[in-house]
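J.: Take this structure first; my questions come after.
The values are calculated or read from the model by the stated rules, or taken from the named source; none is laboratory data. Everything numeric in this text was worked out from a predicted model, so none of it was measured. Here Cβ is always computed from backbone atoms with ideal geometry, including for glycine, and neighbour counts include all displayed protein chains. SASA here: full protein model, heavy atoms, side chains in, ligands and nucleic acids out. Shrake-Rupley method; radii C 1.70, N 1.55, O 1.52, S 1.80 Å.
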Amino acid sequence: MVLDLIRQTLMQALDLLNGAAVWLVASFVLAGAIHEFVSPAKFQRLLGSTKLSALLRATVSGMLLPLCSCGVVPLGLSLYYSGAYLGPTLAFMAATPIINPAAFILAYGLLGPKLATAYLACGFLLPMLIGWIANRAGGAELHRPGPAFQGVAAAEAADRQPLSRRLASGIVWGFTDLGVMVSRYVVLGMLIAGLIFAVVPASIVQGYLGDPGVISIFGAAVLGAMMYVCAVGHIPFVAALVAAGAAPGLALTFLLSGAATNLPELISINRLIGKRAMVIYSASLVLASFVAGYAVNLLIGPGFVPVLDASRTGAAIGVANWFILEVPPAVAYACTAIVVALWAVAAYRSLVKRLAMRFPERAGEVV
């Protein structure tokens, strides 16, 4: 019994990690390039304030990137550690997984113009709201001056380095510093999520979501916040729920909260930014998703007819496929191996640190 639970947990965690690992690895590379080529002073000008313009930049740029809620963690941390304020950081981390061009096109074809328009509006308004709350309730976590800030002379010296060397330096930082730090908590979160899925079968979750009389909109928001949901990949599932009779607001709430966050992301925010940031992000997202779903039910719920036009659905899927990266299984497993290896490095470093603190007289013997 216990061995079966462990095996199912590991298999579920592996499936979840395979779905996110490619985006995590890509984010490590992109975050490393940003760290190396974009100066902290530029982040300060663009995102280093509580102004509405900073939130707008973060939200719109996030809406254009097709990343999942795990893949956006390294980029969000890179922004925050480079001088972005908490509001723009959380707005970016919410907007990026909620919606992107492929997700909107697919939603238009599978959910219909009304629900797709509501989805697009929520994909913009929810991150702006979360960022606004974070800017006003961030406290000590509002801004984190860190080691990324460097003097003018150091920045000019870095600019004179060859392009290849700077690119290599950014990639090294993206994996050995940021990647190790993020993978430590992402893998832990995937194991916890795997345990939940092993205990609660997906068929039960789908049954509850498919019956609006069983689960409330607020329950859908909380459930979505704990699950790993890809906006593009789960739009067909959401469309099936609506076609089966689920209220459009409930389906939208699940998609918003599920796409924008999950347990690995919340654990990462808690440990790498702070508990206040995690509470602001998760509570604001759940409550805002609930309000959005409730409002959608009031506005378009009465008489809402699911979209069953096969010709329009097929065209939307065809256009959306242009934006979707098909990853071979071998590449997904290779990226998973990289993330697990980075987690092992983090575990080793943590073990060395603990041993050094417990046996300071023998610290030099630990390699």
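J.: Could you tell me which of the residues Gly87, Gly19, Gly62 is within 30 Å of Ala116 (Cβ to Cβ), out of contact with any helix residue (DSSP H, G or I) (no Cβ under 7 Å at 6 or more places or on another chain) and not aliphatic (A, V, I, L, M)?
T.: Only one candidate qualifies: Gly19.
J.: Same structure, new question: Does segment 7-18 include one or more residues that are charged (D, E, K, R) and open to solvent by 70 Å² or more (accessible area, probe 1.4 Å)?
T.: So in segment 7-18, the residues charged (D, E, K, R) come out as 7, 15.
Retained after the next criterion (residues that are open to solvent by 70 Å² or more (accessible area, probe 1.4 Å)): 7, 15.
Yes, there is a match, as at least one residue in segment 7-18 is charged (D, E, K, R) and open to solvent by 70 Å² or more (accessible area, probe 1.4 Å).
J.: Would you pick out the residues in segment 49-65 that are more than 17 Å from the chain's Cα centre (by Cα) and assigned to a helix (DSSP H, G or I)?
T.: Answer for segment 49-65, where residues must be more than 17 Å from the chain's Cα centre (by Cα) and assigned to a helix (DSSP H, G or I): Leu52, Ser53, Ala54, Leu55, Leu56, Arg57.
J.: Hey, could you check segment 64-99 for residues that are open to solvent by 10 Å² or more (accessible area, probe 1.4 Å) and modelled with pLDDT of 90 or more and say which is nearest to Glu141 (Cα to Cα)?
T.: Step by step, filter segment 64-99, then rank; the result is Tyr85.
J.: Give me the pairs: first residue in segment 90-116 and within 11 Å of Ile235 (Cα to Cα) and touching a residue at least 40 places away in the same chain (Cβ under 8 Å), second residue basic (Lys, Arg) and surrounded by fewer than 24 Cβ atoms within 10 Å (Cβ to Cβ), beta-carbon distance under 6 Å, and six or more apart or on different chains, which are they?
T.: Gly109/Arg312
J.: Suppose we filter segment 37-60 for residues that are within 30 Å of Met190 (Cα to Cα) and either surrounded by fewer than 17 Cβ atoms within 10 Å (Cβ to Cβ) or modelled with pLDDT under 80 (or both); how many remain? Walk me through how you get there before you give the answer.
T.: Step one: filter segment 37-60 for residues within 30 Å of Met190 (Cα to Cα), giving 55, 58-60.
After this cut, where a residue has to be either surrounded by fewer than 17 Cβ atoms within 10 Å (Cβ to Cβ) or modelled with pLDDT under 80 (or both) as well, the list is 60.
Count: 1.
J.: Looking only at segment 273-294, count every residue that is open to solvent by 40 Å² or more (accessible area, probe 1.4 Å) and in contact (Cβ under 8 Å) with a residue 60 or more places away in the chain and tell me the total.
T.: 4
J.: Does Lys353 fit the bill of being open to solvent by 60 Å² or more (accessible area, probe 1.4 Å), at pLDDT 85 or above and basic (Lys, Arg)?
T.: Spelling it out, it is not the case that Lys353 is open to solvent by 60 Å² or more (accessible area, probe 1.4 Å), at pLDDT 85 or above and basic (Lys, Arg).
J.: Looking at segment 247-272, which of the residues that are crowded, with 24+ Cβ neighbours inside 10 Å and outside any helix (DSSP H, G or I) is modelled with the lowest pLDDT?
T.: Asn262
J.: Within segment 104-113, is even one residue open to solvent by less than 20 Å² (accessible area, probe 1.4 Å), in a helix (DSSP H, G or I) and under 23 Å from Gly19 (Cα atoms)? Outline the logic, then answer.
T.: Within segment 104-113, the subset open to solvent by less than 20 Å² (accessible area, probe 1.4 Å) is 106-107, 109, 111-112.
Next cut, in a helix (DSSP H, G or I) only: 106-107, 109, 111.
From what's left, under 23 Å from Gly19 (Cα atoms): 106-107.
Checked against the condition, which is being open to solvent by less than 20 Å² (accessible area, probe 1.4 Å), in a helix (DSSP H, G or I) and under 23 Å from Gly19 (Cα atoms), segment 104-113 yields at least one hit.
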